[in-house]
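Step one of this worksheet: look at the structure below.
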């Protein structure tokens with residue numbers, strides 16, 4: 001059952017990324033271009049996701065365990081360190097440069113634009129190398 | 001170049017993303033953080049049950065575009081830079097930064113903000129600021145058109 005849930009969650013997530021316009025790097029960069037061709041759409045993506053996530057996660061916080069696993073794996077880190085801030089800063093630079101973050105980039109592989117086949121391997125190398133060093 | 005303002009579609013997409021994050025937590029007890037899920041698939045593997053779930057989640061992501069094409073008989077709109085060096089640098093920074101920072105737009109942005117996590121609020125503010133500054137420099141200082 002947990003694999004069916006994973007598949008459904010992935011499909012719904014990908015569909016959300018597509019209809020929201022997140023898979024279009026130009027739209028992401030236009031959201032980030034406050035002083036140019038600004039397109040505020042992506043604020044609505046975040047707004048929609050949090051509108052359902054905020055009450056939903058609050059409610060799940062009261063559950064004793066998930067439906068198909070023995071325990072919730074809530075994030076337990078609380079340290080506000082240089083890795084959190086430095087890593088996030090570099091992530092933002094890459095996101096601004098390419099207009100892709102990980103979810104939309106992976107989802108876009110089956111749309112098939114040439115650029116995504118350059119971006120995703122580079123992203124995977126970045127993740128893999130970091131994981132090795134960690 | 002301009003893109004069309006799509007508040008309703010973007011809101012609907014956001015609701016689906018939030019719904020997906022809740023399904024994954026309610027069913028499997030896991031955070032829908034895409035950088036975490038994708039990097040879990042890469043070696044070395046430490047979490048076998050998590051590995052299989054991650055592979056299946058990514059399969060779901062990959063099925064979304066073909067399903068969208070079948071339902072709407074059109075491909076999702078996409079425009080991006082055709083500069084190979086920019087795409088490579090962007091990909092490396094996104095991969096490296098999200099693993100070091102412990103999350104991306106989904107894990108910190110969607111799930112973390114929804115859980116009011118202090119770490120995620122700081123991470124999201126940080127990457128939003130550097131992303132705004134990067135696009136400003138790219139388009140208004142260096143004069144890139146895409």
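Table for the structure above
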{"read-out": "Segments classed as helices (runs of 4 or more DSSP H), wholly inside the range A:7-100, with at least 3 members that are in contact (Cβ under 8 Å) with a residue 40 or more places away in the chain and over 26 Å from residue B:133 (Cβ atoms)", "value": "none"}
{"read-out": "Helices (runs of 4 or more DSSP H) lying entirely in the range B:9-114 (those with 3 or more residues that are surrounded by fewer than 21 Cβ atoms within 10 Å (Cβ to Cβ) and at the interface with chain A (Cβ under 7 Å from one of its Cβ atoms))", "value": "B:48-72, B:84-101"}
{"read-out": "Counted residues, the range A:1-35 - those being more than 7 Å from every other protein chain (Cβ to nearest Cβ) and farther than 19 Å from residue B:16 by Cα", "value": "2"}
{"read-out": "Some residue of the range A:73-86 being crowded, with 21+ Cβ neighbours inside 10 Å, at pLDDT 95 or above and touching a helix residue (DSSP H, G or I) at 6+ places or on another chain (Cβ under 7 Å)", "value": "yes"}
{"read-out": "Filter pass, residue B:78 being within 27 Å of residue B:2 (Cα to Cα) and either without any contact (Cβ under 8 Å) to a residue 12 or more places away in the chain or touching a strand residue (DSSP E or B) at 6+ places or on another chain (Cβ under 8 Å) (or both)", "value": "yes"}
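Yes/no per residue for (1) within 16 Å of the chain's Cα centre (by Cα); (2) free of Cβ contacts under 8 Å to residues at least 60 places away in the same chain; (3) closer than 12 Å to residue A:25 by Cβ:
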| residue | (1), (2), (3) |
| --- | --- |
| B:73 | no, yes, no |
| B:88 | no, yes, no |
| B:92 | yes, yes, no |
| B:99 | yes, no, no |
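The values are calculated or read from the model by the stated rules, or taken from the named source; none is laboratory data. Just so it is clear, the model here is predicted, and its values are computed rather than measured. Neighbour counts are summed over all protein chains in view; Cβ atoms, including those assigned to glycine, are modelled from backbone coordinates with ideal geometry.
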